[in-house]
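The values are calculated or read from the model by the stated rules, or taken from the named source; none is laboratory data. A quick note: this is a predicted structure, and the numbers were derived from the prediction, not measured. We place every Cβ from the backbone using ideal geometry, glycine too, and count neighbours over all the protein chains shown. Quick note on the areas: whole protein, heavy atoms, side chains included, nothing else; ligands and nucleic acids left out. Shrake-Rupley method; radii C 1.70, N 1.55, O 1.52, S 1.80 Å.
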Amino acid sequence: MLSSVHIKNVALIDNLIIDFTNGLNVISGETGAGKSIILDAIDFVLGGKSDKSLIRNGTDTMKVSVIFSNLKTKLKNELKSIYQIDCTDDLLIERTLSLNGRSTCFINGEPVTANILKKIALTLVDIHGQIDHISILKNDVQLEIVDRFDDSIKKDLETLNLYIDKIISIENEINSLGGNEQTKLQLMDLYSYQINEINQLNLKQGEFESLKDKLKELSNIEKIANNLSEAINSLDGNSSYNNVISNLNTSIKFLKNNTSYNSKYDELTTRLNASIIEIEDILDTLKKYLSECNFDEFEFNSIDSRLDAINKAFKKYGYGYDSVQNYLLDITKKYDNLINSEQRYNELSSEKENILKNITNLQNLISTKRKKVCSHLEMNIENCIKSLGMKNAKFKINIQQIDEPYSRNGKDSVEFMFSSNLGFDIQPLKKVASGGEMSRVMLGIKIIISHIDDIDTLIFDEIDTGLSGNTAQVVAENLYKLSKEKQIISISHLPQIASFADQNYKVEKFTNNGTTISRIKQLNENETYIELSRLMGADSSEKSISLAKEIRKKNLKQNVDSY
C-alpha cells in the first residue's frame, strides 16, 4: 500500500507530508485548494510526465517521494529478478525535476530510468484520473482490459509476436534472395551491371583527389607560369638591385672585410653562403616547374572526363573510394547469394508456410479465449453497473475480426457497447455514455478487475463527477466495498463518499508573506463531522454536525462487506 507521500515545491505546495492508511482514504477541499496537485505529484513520482510548469515559483527544483509498505513477496521477487532492486517490506521512490529539464529517479537509493520507474509503478498503483474517462473509449484499451482476465492470453500473444518477428525475418531474407523468379532475375541483371560498371571504372585510392588538384592546376596554368617567372626574376633577375643572389654575394663581401676585426663574422658569412646554395637549388626547381608549365588540351579533357565518370559513380554508389568499394563488396555478395538461392528460397518458403499456419492457429485460439472472457466479463460488468444505480443498463462486448495478418494483438477488435435506458438500442460506449455514466462504468470495470489484479492501491480523481443523491450513495458504498480488498485514495467533493472513509483529509490554501500555500490536514473524528457538514452545504452548527455524525455512523453500520 501507499503509506506516505512527501511533496516539495510543487505548484502551491512548498513542503507537504501525507500519511495514508489501509482502506478508504478520502481527500476533500474547496475548488482550487490544491487537491489535484497532490495527484499530479504522485503521478510525477511514479514516472508520469515531467512538467516544469509544476515547479513552485521562486524555486528551481521540485521533489516528490513516496513509500510503499507491506510489499507482497511476488512483487519483491520480481523487483529483484527483473530490475535488481533489493527491498524488504518497504519501497522508497524519489524523483526530482529542475527548471533546466533534468529529472532524476531513485528507487531505494539506486538511480533508475523514468521508463523503468513507470514499469515498476504499474505494478504498485492504478491511478484513475479524468483522462481515463477518455482512454477507456479507445478500442486498444478495451482489448487490453479483456486480455487481463485470462493470463494465458498474454503468453499466447508473446508467442504470437515471436512468430511474427520470425515471419518478418524470413521475408527480409527472401527479399534479399530476390523474392520470386522474375524479381530474382531482374536483381541479378542489376547487380551484374553494377559490378561490371564499378570494376571497369578501376578506381584507385586517392585518385579522385589527385585528379581534382591536377585539373585545377591546368585550369590556372597561365597564372602559375607568370607567378613562377616573377619568383625566378626576384631571385636571379637581370636587375642587380632586385637580384636576391647578387645582393647576398654583396653582403658576404662586406662581411668578409670585418673578419679581420672579429672572428664572429666568419659564422655569418658561412650561413649566408649556405643560404645562397639553398636559394640556387630552389631556383633550379622553379625553372624546372616553369619549363613544365604547358597547357595540354588533351590531358585537360581526359582528366575532366575521368572526374565526370568518378562523380557519377559516387552519386550512384556512395561518395568516396571506400563507399564505392563497400558497395561493390555488398552487391557481389548479394549476386553470389542469388546464384545459389534456389535451395535456400525453397527452405525459407516452407518455413514461412509452417509459421503462418502456427500464427493462424494461435490467432484462432486467442479469439476463442477472448470470446469466452467477453461472455463472462460483460455479464459481471453489467451486474456491477446496475448495482451502481443504473438498473436498466446493458453492457455488451462486441468482438470482431480485423484484416491484418500480422497484427501483434491478434485478429480481434473489441468494442464496449452500452445502453443506460430501457427501450434504447445498445451502442458503442463512446457514443452514448454521459460523464456521470462514464464514471460508473469505469468504477464497475475497476471493481471487477480488482478481483484479478495484484495492484494493491487504487487512486480515483473525482470519480463522482456528475453524480448526486441516491446514485452518489450507491457509488460510495461500492467504493467502500472495494476498499476492503484494496487501498483506495479518492479525491471527492461528495459527502456520501467522504462519510464512508476510514480516514478523511482536507486540503486548504492560505496566504503567508504574500505567497499562496496549500496544506493537507488529516482530520480527527470531530473535524471529519465538520467537513461532512460543509460538503453537505450546511454550516458547522451543532445541529448540522449532529446530522453529519448520524449519516456517517449509519453508513458504516450497513452491511457492505459483500457484493
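At the residue level, residue 50 shows approximately 50 square angstrom of accessible surface with a 1.4 angstrom probe and all protein chains present. Measuring nothing but protein heavy atoms, the accessible surface of the range 1-147 at 1.4 Å probe radius is 52 percent carbon and sulfur.
Convex hull volume per residue, computed on the Cα atoms of the chain, equals 338 Å³. Across the chain, Cα pairs under 8 Å and at least six residues apart give a relative contact order of 21 percent.
Between the C-alpha center of the range 363-430 and that of the range 139-205 there is a gap of 35 Å.
Only helices enter the 222 nm calculation for the chain: every DSSP H run of n ≥ 4 contributes -39,500 (n - 2.57), and dividing by all residues gives -18500 deg cm²/dmol, rounded to 500.
When 221, 7 are compared by accessible area at a 1.4 angstrom probe, the order from most to least is 221, 7. The Rg/Rh ratio of the range 227-332, with Rg taken over Cα atoms and Rh as the Kirkwood radius over Cα pairs, comes to 1.39.
Spatial offset of the range 55-95 relative to the range 488-531 amounts to 26 Å, using the alpha carbon center of each. List the chymotrypsin sites (Phe, Trp or Tyr not before Pro) within the range 294-390 that fall in a DSSP loop (any state other than H, G, I, E or B) and whose Cβ has at most 16 other Cβ atoms within 10 Å. Sparse-neighbourhood loop chymotrypsin sites (Phe, Trp or Tyr not before Pro): 295, 319. Counted residue by residue at 0.36 nm each, then reduced by the alpha carbon distance between them, the extension gain from residue 407 to residue 260 reaches 42.6 nm. Put 508, 415, 173 in order of accessible area, highest first, and with a 1.4 Å probe you get 508, 173, 415. Rounded to the nearest 5, the antiparallel percentage of DSSP beta bridges internal to the chain is 70%. Surface composition of the range 491-534: carbon plus sulfur atoms contribute 43% of the solvent-accessible area (1.4 Å probe, protein chains only, all chains present). Panel note: the C-alpha atoms of the range 1-160, placed on their principal axes, show extents of 53, 38, 35 Å (largest first). Each residue, residue 185 and residue 290, gets one label point 7 Å from its Cα in the Cβ direction; the gap between the two is 6.9 nm.
Residue 425 contributes about 120 Å² of solvent-accessible surface, heavy atoms of the protein only, 1.4 Å probe. For the range 193-285, with equal point scatterers placed on the C-alpha atoms only and solvent neglected, what are the log10 I(q)/I(0) values from the Debye formula at q = 0.26 1/Å, to two decimals? Values, matching the q order: -1.20. So what is the diffusion coefficient of the range 467-552 in µm² per second by Stokes-Einstein at 25 °C and 0.890 mPa s, using a Kirkwood Rh over Cα pairs? Translational diffusion coefficient: 176 µm²/s. The trypsin sites (Lys or Arg not before Pro) of the range 447-548 that meet both conditions, a loop assignment by DSSP and at most 16 other Cβ atoms within 10 Å of the site Cβ, are 484. Carbon-plus-sulfur accessible fraction, the range 219-348 (probe radius 1.4 Å, protein heavy atoms only): 48%.
Solvent exposure of the chain amounts to 55 Å² per residue of accessible area, where only protein heavy atoms count and the probe is 1.4 Å. Cα-based radius of gyration for the range 295-434, normalised by 2.2 N^0.38 Å, reads 2.22.
The distance between label points at residue 80 and residue 358 comes to 3.4 nm (points 7 Å beyond Cα on the Cα→Cβ vector). Counting only heavy atoms of the protein chains and using a 1.4 Å probe, residue 149 has close to 50 Å² of accessible surface. At q = 0.10, 0.13, 0.16, 0.17 Å⁻¹, what log₁₀ I(q)/I(0) does the range 375-475 have when each alpha carbon counts as one equal point scatterer in the Debye sum? Here log10 of I(q) over I(0) equals -0.32, -0.53, -0.76, -0.84.
Model label points for residue 339 and residue 209, set 7 angstrom from Cα along the Cα-to-Cβ axis, are 3.5 nm apart. Stokes-Einstein diffusion of the range 249-298 at 37 °C, 0.692 mPa s viscosity, Kirkwood radius from Cα pairs, rounded to a whole number: 249 µm²/s.
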